[in-house]
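Undergrad: I have a structure here, written as structure tokens, and I will follow up with some questions on it.
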Amino acid sequence: MGVPAAGRLDGVAAFGTGFSSSMGHSYTPCVVAGTFVTLEGPEGSGKTVVARRLAEELQRLGRRVVLTREPGGTRLGERVREVLLGRSDLGIDPRADALLFNAARAQLVAEVIRPALARGEVVLCARFADSTLAYQGHGAGLPIDELREIARVATGGLEPDLTILLDVDPEVGIRRKAPGARNRFESIDLAFHRRVRDGFLALAREAPARWRVVDSSRHIDRVFDDALALVQAEIADPVRA
């Protein structure tokens with residue numbers, strides 16, 4: 001959270017370089033040739049830091065990498081992000097949250113993720129559709145099946161090859177955030193965040209072939225090392241449905 005939009009820098013699409021989107025883009029299904037990795041987890045679990053370090057290390061090793069985030073990663077997505085995370089005065093209903101997240105997601109998939117995968121690149125995304133299931137589903141109580149269907153439409157059925165859950169106790173994660181720097185979701189009560197964490201763990205149990213759980217209560221270097229090993233294993237020996 002709290003980092004600018006995605007752009008490209010020395011072969012890596014990195015936060016903070018003023019990403020410029022094209023107009024009039026239409027969705028076209030493509031053959032997925034690259035590797036799609038998402039990082040999920042409760043607030044304060046280190047997703048942004050780990051994703052950035054993964055992109056830098058994979059680039060150093062000669063991989064072509066796209067680094068992006070949700071909500072955001074496109075001009076439209078960043079505008080939606082401003083509303084979703086920064087406007088606590090709006091009192092947004094959970095269903096509206098889910099639809100807005102998926103609107104930004106649809107644009108990100110069409111504009112950034114699918115083209116990068118078609119080029120054979122590694123895509124690293126801090127949060128994806130599983131966050132909506134955890135937050136608006138398990139956290140806010142919306143029907144999971146309905147949220148899955150909305151996400152399927154938004155993504156065209158695209159799912160990550162690997163999802164790394166950076167797991168941390170909500171109390172620990174929230175304490176990592178300065179009170180004045182917390183976004184709309186980080187300011188919700190602790191009970192909500194406990195449900196979100198439980199939701200992520202439930203999702204991981206449901207799809208063990210895709211999910212890997214990393215203890216992010218440890219020092220960030222150890223968390224990064226574990227995440228890097230998982231990504232390298234996926235790239236070296238991909239399993240495609």
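Just so it is clear, none of the values below were taken in a lab; they were calculated from the coordinates. Predicted model, so just to flag it, every value in this text is computed and none were measured. When we count neighbours, we look across all protein chains shown, and the Cβ atoms used for this are built from the backbone with ideal geometry, even at glycine.
Undergrad: By its C-alpha gyration tensor, with a ≥ b ≥ c as the square roots of the eigenvalues, how is the range 146-241 shaped: rounded for a/c under 1.5, else prolate for a/b larger than b/c, else oblate? Intermediate values should be presented prior to the final figure.
TA: Details: a/c = 2.21, a/b = 1.27, b/c = 1.74.
Cα axes put the range 146-241 in the oblate bin.
Undergrad: Using a basic spin-label model with each label point 7 Å from the Cα along Cα→Cβ, how many nm lie between ALA202 and ASP145?
TA: Computed distance between label sites ALA202 and ASP145 equals 1.5 nm.
Undergrad: Provide, as a two-decimal number, the C-alpha radius of gyration of the range 83-151 over 2.2 N^0.38 Å, N being how many residues it has. Intermediate results must be reported in sequence, preceding the final value.
TA: Working: Rg = 13.5 Å, N = 69, 2.2 N^0.38 = 11.0 Å.
My calculation over the Cα atoms of the range 83-151 gives 1.23.
Undergrad: With each label point set 7 Å from Cα along the Cα-Cβ vector, what nm distance links ARG218 and GLN232?
TA: 1.5 nm
Undergrad: Across the range 43-59, in residue order, what do the Karplus-derived ³J(HN,Hα) couplings come to in whole Hz, using 6.51 cos²θ - 1.76 cosθ + 1.60 with θ = phi - 60° and x for Gly and Pro?
TA: Values per residue, Gly and Pro as x: 4, x, 8, x, 4, 5, 5, 5, 4, 5, 5, 4, 4, 5, 6, 5, 5 Hz.
Undergrad: Which whole-angstrom value gives the distance between the alpha carbon centres of the range 72-138 and the range 210-230?
TA: What the calculation gives is 23 Å, centre to centre.
Undergrad: Give the shape of the range 39-170 as rounded, prolate or oblate, defined through the alpha-carbon gyration tensor: a ≥ b ≥ c are the square roots of its eigenvalues, a/c under 1.5 means rounded, and otherwise the shape is prolate if a/b is larger than b/c and oblate if not.
TA: prolate
Undergrad: Looking at the range 69-153, which trypsin sites (Lys or Arg not before Pro) are in a loop (DSSP not H, G, I, E or B) and have at most 15 other Cβ atoms within 10 Å?
TA: Counting only loop positions with at most 15 other Cβ atoms within 10 Å, the trypsin sites (Lys or Arg not before Pro) in the range 69-153 are ARG87, ARG119.
Undergrad: Would you grab the residues whose amide H sits under 5 Å from the one on TRP211? Only those 5+ places off in sequence or on another chain, please, with H modelled 1.01 Å from N.
TA: Amide H neighbours of TRP211: THR163.
Undergrad: Okay, moving on. Once you order the gyration tensor axes a ≥ b ≥ c over the Cα atoms, which shape class does the range 191-241 get: rounded for a/c under 1.5, otherwise prolate or oblate by comparing a/b with b/c?
TA: The shape class here is oblate.
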